[in-house]
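Step one of this worksheet: look at the structure below.
The values are calculated or read from the model by the stated rules, or taken from the named source; none is laboratory data. Everything quoted here is computed from the prediction, not taken from an experiment. Neighbour counts are summed over all protein chains in view; Cβ atoms, including those assigned to glycine, are modelled from backbone coordinates with ideal geometry.
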Amino acid sequence: MQLTNRAKPVDRSPMTFLESLYLWNIIKGMGITISHLFKRKATIQYPEEKRTFSKVFRGLHVLNRDSDGRENCTACGLCAVACPAEAITMEAAERQPGEEHLYREEKYAARYEINMLRCIFCGLCEEACPKDAIYLSQTFAPANYGRKGFIYKKEDLLIPHPLKEMEAYKKAVGDRAGNQ
Amino acid sequence: MHLLAIDLWFILEKAILVFCIIGLSFFIAMYTTLAERKVAGWLQDRHGPNRAGPFGIFQPLADGGKLFFKEEIIPLASNRILFLLGPALAMITALVTSSVIPWGAPVVTASGTIPLQVADVDMGILLVFGVVSVGVYGIMIGGWASNNKFSLIAAIRGASQMVSYELPMGLALIAVLFMTGSLKMSEIVASQAANGWHVIYQPLGFIIFFICALAECNRTPFDLPEAENELNFGYHQEYSSMKLGFYLFAEYINMFISSAIMATLYFGGYDIPFVNEASWGLQPWLLSLISFGVLMAKIAVFLFVFIWIRWTIPRFRYDQLMSLGWKKLIPLALLNMIISAAVMLWLK
């Protein structure tokens with residue numbers, strides 16, 4: 001039974017002498033390859049040139065701060081629960097008097113680690129977070145020599161201070177500035 | 001005593017020429033490896049190596065340096081002497097063939113003429129054929145001494161392939177020799193400069209010669225001796241470090257030399273097409289330099305075609321290789337020879 005009209009019968013007649021010299025077909029093939037010499041190269045010269053990601057690209061995680069530069073995270077653990085790859089570990093601590101300029105609420109994450117080798121960059125942590133404290137940025141994890149280097153600590157994840165390091169903060173926020 | 005009476009200047013002149021040609025062969029072979037990777041990249045919509053120096057021009061040096069510093073492994077089960085002899089033989093035969101090629105118009109000086117050719121022997125082109133057929137021993141000895149079944153199969157393939165394709169190559173060449181009446185390379189070039197290039201009279205002969213040259217250089221589509229995916233790199237599988245480098249390098253030198261031979265036999269050698277260079281009134285050394293440049297340009301075109309073919313055509317199957325050689329090319333070459341002989345007799 002014929003399913004589509006696209007089927008083409010295969011020519012199985014034996015080769016003639018001229019065909020069996022392969023010359024004509026080789027010349028045709030060489031025409032195809034030489035045409036690729038003048039085509040645009042598909043390569044992106046990586047360190048100098050970077051591929052532009054879409055706005056919804058899910059890259060490395062960023063721990064957010066509010067507009068005063070205080071950490072949003074309250075170490076509730078919802079992201080760790082939501083994580084299907086179990087890549088997130090955290091330890092909570094209580095905010096002491098005098099630390100109000102560092103942490104937004106009275107509980108904060110003393111330790112916050114994401115194992116980037118486990119992470120599948122699904123973005124469920126971002127969706128689970130009630131405090132808008134974690135989101136996925138448009139960068140990706142750079143190469144490293146050991147597994148340890150892929151366990152990102154809180155210092156690696158925290159976004160730069162919006163008041164003290166404005167340039168770096170703007171760069172880290174990137175295209176998502178409007179979403180805050 | 002008359003052996004000692006050889007002019008010392010003559011020896012010096014030839015020694016300089018030999019060093020220049022060997023240096024040139026190495027240089028061209030080095031940059032052919034880069035060209036190969038570049039052209040492969042371009043034909044596959046990539047850039048090719050471009051990190052070592054501007055446009056990757058230091059890439060061959062980096063590759064060579066890497067090969068020098070690699071650990072040298074000689075398998076315990078191998079025959080040590082033969083194992084070392086293999087790459088040496090491949091390299092020597094690749095270099096020796098360059099001795100009879102005229103690299104440019106002779107330089108005429110006040111004290112005499114200096115031919116840009118190491119040895120203008122009477123049996124010039126036959127010497128090339130002789131040395132090329134010795135070249136197969138490099139592959140065979142290497143493959144045999146490795147004591148590895150893949151290497152052995154590759155060596156056998158290489159030997160049979162080279163023997164099979166030397167026949168049509170020689171037959172195609174005979175038709176050329178009909179026209180020149182001489183085996184001397186310098187006379188072959190001179191007769192082309194006078195009567196037009198041989199490729200005009202012998203297009204079929206040239207195509208046969210070119211196909212056989214591909215097979216002799218173990219280039220795709222005839223790279224069965226080093227079929228990566230079935231024989232695991234074939235005859236040089238057990239080789240490491242610079243011995244592997246010698247094999248690979250010898251292959252590129254072979255490519256360069258066979259391009260030079262094809263340019264000399266069919267495309268007028270160092271002859272500059274469409275002009276009468278003698279009427280320019282240039283200095284003789286300048287003229288020699290230009291003619292050398294013209295030969296190099298012809299060789300570069302051939303090298304590009306070699307590379308272009310490699311990145312276009314897949315490898316032949318062994319039975320296809322044999323049937324192409326024995327059943328197609330030899331009859332065609334014989335026909336070509338007989339027809340050119342008949343035409344030449346008729347024109348007389």
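Just to be sure before I move on: is B:VAL343 within 12 Å of another protein chain (Cβ to nearest Cβ), aliphatic (A, V, I, L, M), in a helix (DSSP H, G or I) and surrounded by fewer than 17 Cβ atoms within 10 Å (Cβ to Cβ) in the structure I sent? So B:VAL343 fails the test.
Answer yes or no: is there a residue in the stretch B:200-220 that is among the hydrophobic types (A, V, I, L, M, F, W, C) and farther than 20 Å from B:TRP308 by Cα. Yes.
Within the stretch B:254-272, can one find any residue that is free of Cβ contacts under 8 Å to residues at least 12 places away in the same chain and out of contact with any Gly (no Cβ under 9 Å at 6 or more places or on another chain)?
First pass over the stretch B:254-272, keeping only residues free of Cβ contacts under 8 Å to residues at least 12 places away in the same chain: none.
Checked against the condition, which is being free of Cβ contacts under 8 Å to residues at least 12 places away in the same chain and out of contact with any Gly (no Cβ under 9 Å at 6 or more places or on another chain), the stretch B:254-272 yields no hits at all.
Please enumerate the residues belonging to the stretch B:301-320 that are surrounded by 17 or more Cβ atoms within 10 Å (Cβ to Cβ), of a type outside the set (Phe, Trp, Tyr) and out of contact with any Ser or Thr (no Cβ under 7 Å at 6 or more places or on another chain). The answer is B:ILE307, and nothing else.
Looking only at the stretch B:309-323, count how many residues are facing chain A (nearest Cβ under 9 Å) and touching a residue at least 40 places away in the same chain (Cβ under 8 Å).
We begin by selecting, within the stretch B:309-323, every residue facing chain A (nearest Cβ under 9 Å); these are B:309, B:311-313, B:316, B:320, B:323.
Keeping just the survivors that are touching a residue at least 40 places away in the same chain (Cβ under 8 Å) gives B:309, B:311-313, B:316.
Count: 5.
The residue that is nearest to the chain's Cα centre (by Cα), counting only those in the stretch B:191-215 that are of a type in the set (Gly, Ala, Ser) and surrounded by fewer than 17 Cβ atoms within 10 Å (Cβ to Cβ), is B:GLY196. Scanning the stretch B:120-142 for residues that are part of a helix (DSSP H, G or I) and of a type in the set (A, V, I, L, M, F, W, C) returns B:ILE125, B:LEU126, B:LEU127, B:VAL128, B:PHE129, B:VAL131, B:VAL132, B:VAL134, B:VAL136, B:ILE139, B:MET140, B:ILE141.
Condition test on B:LEU224, is it within 14 Å of chain A (Cβ to nearest Cβ), over 21 Å from B:VAL176 (Cα atoms), surrounded by 17 or more Cβ atoms within 10 Å (Cβ to Cβ) and at pLDDT below 90? Here the answer is no, as B:LEU224 does not meet what is asked. Only one of A:GLU99, A:GLU48 is away from chain B (no Cβ under 14 Å), of a type in the set (D, E, K, R), free of Cβ contacts under 8 Å to residues at least 40 places away in the same chain and under 25 Å from A:VAL173 (Cα atoms); which? Step by step, each of A:GLU99, A:GLU48 is checked, and only A:GLU99 is away from chain B (no Cβ under 14 Å), of a type in the set (D, E, K, R), free of Cβ contacts under 8 Å to residues at least 40 places away in the same chain and under 25 Å from A:VAL173 (Cα atoms).
Per-residue answers, yes or no, for (1) polar (S, T, N, Q); (2) closer than 25 Å to B:ARG46 by Cα; (3) modelled with pLDDT of 85 or more:
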{"residue": "A:SER13", "(1), (2), (3)": "yes, no, yes"}
{"residue": "A:TYR22", "(1), (2), (3)": "no, no, no"}
{"residue": "A:MET30", "(1), (2), (3)": "no, yes, yes"}
{"residue": "A:HIS36", "(1), (2), (3)": "no, yes, yes"}
{"residue": "A:THR43", "(1), (2), (3)": "yes, yes, yes"}
{"residue": "A:LYS50", "(1), (2), (3)": "no, yes, no"}
{"residue": "A:ARG58", "(1), (2), (3)": "no, no, yes"}
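Just so you know, in the stretch B:17-37 the residues that are aromatic (Phe, Trp, Tyr) and touching a residue at least 24 places away in the same chain (Cβ under 8 Å) include one that is farthest from the other protein chains (Cβ to nearest Cβ), and it is B:PHE26.
Table: residues versus (1) within 14 Å of chain B (Cβ to nearest Cβ); (2) of a type in the set (Ser, Thr, Tyr); (3) in contact with a helix residue (DSSP H, G or I) (Cβ under 8 Å, 6 or more places away or on another chain); (4) closer than 19 Å to A:SER137 by Cα.
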residue: A:ALA7; (1), (2), (3), (4): no, no, no, no
residue: A:TRP24; (1), (2), (3), (4): yes, no, yes, no
residue: A:ALA42; (1), (2), (3), (4): yes, no, no, no
residue: A:SER54; (1), (2), (3), (4): no, yes, no, yes
residue: A:GLY69; (1), (2), (3), (4): no, no, no, yes
residue: A:ASN72; (1), (2), (3), (4): no, no, no, yes
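The set of residues from the stretch A:3-53 being more than 45 Å from the chain's Cα centre (by Cα), of a type in the set (S, T, N, Q) and loosely packed, with under 10 Cβ neighbours inside 10 Å comprises A:SER13, A:THR16. Taking B:LEU171 as the residue in question, decide whether it is more than 30 Å from B:LYS243 (Cβ to Cβ) and modelled with pLDDT of 85 or more. Yes. Close Cβ contacts (under 8 Å, 6 or more residues apart or on different chains) running from residues in the stretch B:187-202 that are within 15 Å of B:GLY124 (Cβ to Cβ) to residues that are hydroxyl-bearing (Ser, Thr, Tyr) and outside any helix (DSSP H, G or I) comprise B:ILE188/B:SER182; B:VAL189/B:TYR270; B:SER191/B:SER182.
Residues are listed down the side, and each one gets a yes or a no for (1) modelled with pLDDT of 85 or more; (2) surrounded by 11 or more Cβ atoms within 10 Å (Cβ to Cβ):
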position: A:PHE140; (1), (2): no, yes
position: A:ILE151; (1), (2): yes, yes
position: A:GLU165; (1), (2): no, yes
position: A:LYS170; (1), (2): no, yes
position: A:ASN179; (1), (2): no, no
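The set of residues from the stretch B:25-64 being more than 15 Å from B:THR312 (Cα to Cα) and of a type in the set (Val, Ile, Thr) comprises B:ILE28, B:THR32, B:THR33, B:ILE57.
Counting just the residues of the stretch B:271-297 that are assigned to a helix (DSSP H, G or I) and small (Gly, Ala, Ser), which one comes out surrounded by the fewest Cβ atoms within 10 Å (Cβ to Cβ)? Don't jump to the end; show me each part of the working.
In the first step, residues of the stretch B:271-297 are kept if they are assigned to a helix (DSSP H, G or I); the result is B:277-280, B:284-297.
Subset that is small (Gly, Ala, Ser): B:278-279, B:288, B:291, B:293, B:297.
Working: B:ALA278: 10, B:SER279: 7, B:SER288: 21, B:SER291: 23, B:GLY293: 13, B:ALA297: 12.
Of everything passing the filter in the stretch B:271-297, B:SER279 is surrounded by the fewest Cβ atoms within 10 Å (Cβ to Cβ).
Of the residues that make up the stretch B:148-156, is at least one in contact (Cβ under 8 Å) with a residue 24 or more places away in the chain, of a type in the set (Phe, Trp, Tyr) and closer than 20 Å to B:ILE22 by Cβ?
If we filter the stretch B:148-156 for residues that are in contact (Cβ under 8 Å) with a residue 24 or more places away in the chain, which is where we start, we get B:148, B:150-151, B:153-155.
Now narrow it down to the ones that are of a type in the set (Phe, Trp, Tyr): B:150.
Then drop every residue that is not closer than 20 Å to B:ILE22 by Cβ, which leaves none.
No, there is no match, as no residue in the stretch B:148-156 is in contact (Cβ under 8 Å) with a residue 24 or more places away in the chain, of a type in the set (Phe, Trp, Tyr) and closer than 20 Å to B:ILE22 by Cβ.
Scan the stretch B:38-54 and give yes if some residue there is out of contact with any strand residue (DSSP E or B) (no Cβ under 8 Å at 6 or more places or on another chain), away from chain A (no Cβ under 14 Å) and not in a helix (DSSP H, G or I), otherwise no. Show your work before the answer.
Taking the stretch B:38-54 and keeping what is out of contact with any strand residue (DSSP E or B) (no Cβ under 8 Å at 6 or more places or on another chain), we get B:38-54.
Within this subset, residues satisfying the condition of being away from chain A (no Cβ under 14 Å) are B:52-53.
Filter once more, keeping what is not in a helix (DSSP H, G or I): B:52-53.
Yes, the conditions are met somewhere in the stretch B:38-54.
Could you tell me whether the stretch B:86-107 includes any residue that is more than 14 Å from chain A (Cβ to nearest Cβ), in contact with a Leu (Cβ under 7 Å, 6 or more places away or on another chain), assigned to a helix (DSSP H, G or I) and not aromatic (Phe, Trp, Tyr)? Scanning the stretch B:86-107, I find at least one residue that is more than 14 Å from chain A (Cβ to nearest Cβ), in contact with a Leu (Cβ under 7 Å, 6 or more places away or on another chain), assigned to a helix (DSSP H, G or I) and not aromatic (Phe, Trp, Tyr), so the answer is yes. Scanning the stretch A:68-126 for residues that are surrounded by 15 or more Cβ atoms within 10 Å (Cβ to Cβ), assigned to a loop (DSSP other than H, G, I, E, B) and polar (S, T, N, Q) turns up A:ASN72, A:THR74. Which count do you get for residues in the stretch A:127-160 that are farther than 20 Å from A:CYS76 by Cα, in a helix (DSSP H, G or I) and of a type in the set (A, V, I, L, M, F, W, C)? Matching residues across the stretch A:127-160 total 1.
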